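Right, one structure below, let's go through it.
Every number here is computed from the coordinates shown, using simple stated rules; none is lab data. All values reported here derive from a predicted model rather than from experimental measurement. We place every Cβ from the backbone using ideal geometry, glycine too, and count neighbours over all the protein chains shown.
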Amino acid sequence: MKWIHRFVRPAVCLFALCALVAGCDRGSSNVGKYVNEKRQADYTELQPGNVCVIKQGTATVKGTYAVEGKTLTIKIENFEPAKGTIEGNTITDNQGEHWVKK
C-alpha cells in the first residue's frame, strides 16, 4: 500500500496545482488588442497580468484592468477609474464608443 501513497499523493497535488493556476487566469479570454470602431489608430490592449495599454491620438498610457462579470474597470494613475462593459469581442466604454478585438 505504500506505493499508492508514493504515486497518488503527488498526482493529486499536481492536479490541485493545475486547477489553482487555471483558476487564477480567468480573464485570459479578454486578453488582446481592441481597436476603436471610429478611429482605427486608437486602441486598448488588455495584456496578461491585468495590465492594459491605451493609445488615443498621440498619447499612450499604461494601467491596470479588472473584469467582473461584464464590467471592465480600467485604472490609470492620477485618473478616476473608467468603467465599461466587455461582451464577446467588444468593449463599450463609458461614452458609448465601441472597441472591437482584432
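For first residues located in the stretch 39-61 and in a loop (DSSP other than H, G, I, E, B), partners that are hydrophobic (A, V, I, L, M, F, W, C) and surrounded by 10 or more Cβ atoms within 10 Å (Cβ to Cβ) and lie 6+ apart or on another chain with Cβ distances below 7 Å form the pairs Pro48/Val31; Asn50/Ala66.
Please go through the stretch 62-78 and pick out each residue that is over 16 Å from the mean Cα position of the chain (by Cα) and in contact (Cβ under 8 Å) with a residue 12 or more places away in the chain. Write out each step before concluding.
Residues of the stretch 62-78 over 16 Å from the mean Cα position of the chain (by Cα): 77-78.
Answer for the stretch 62-78, where residues must be over 16 Å from the mean Cα position of the chain (by Cα) and in contact (Cβ under 8 Å) with a residue 12 or more places away in the chain: just Glu77.
Of everything in the stretch 49-63, what is touching a Gly at 6+ places or on another chain (Cβ under 9 Å) and at negative phi? Give them in sequence order. Even if it seems obvious, please write down each step before you answer.
Within the stretch 49-63, the subset touching a Gly at 6+ places or on another chain (Cβ under 9 Å) is 50-54.
Scanning the stretch 49-63 gives Val51, Cys52, Val53, Ile54.
Within the stretch 48-94, being surrounded by fewer than 14 Cβ atoms within 10 Å (Cβ to Cβ) and of a type in the set (Asp, Glu) holds for Glu68, Glu77, Glu80, Glu87.
Taken over the stretch 62-83, the criterion of being among the acidic types (Asp, Glu) and part of a strand (DSSP E or B) is satisfied by Glu68 alone.
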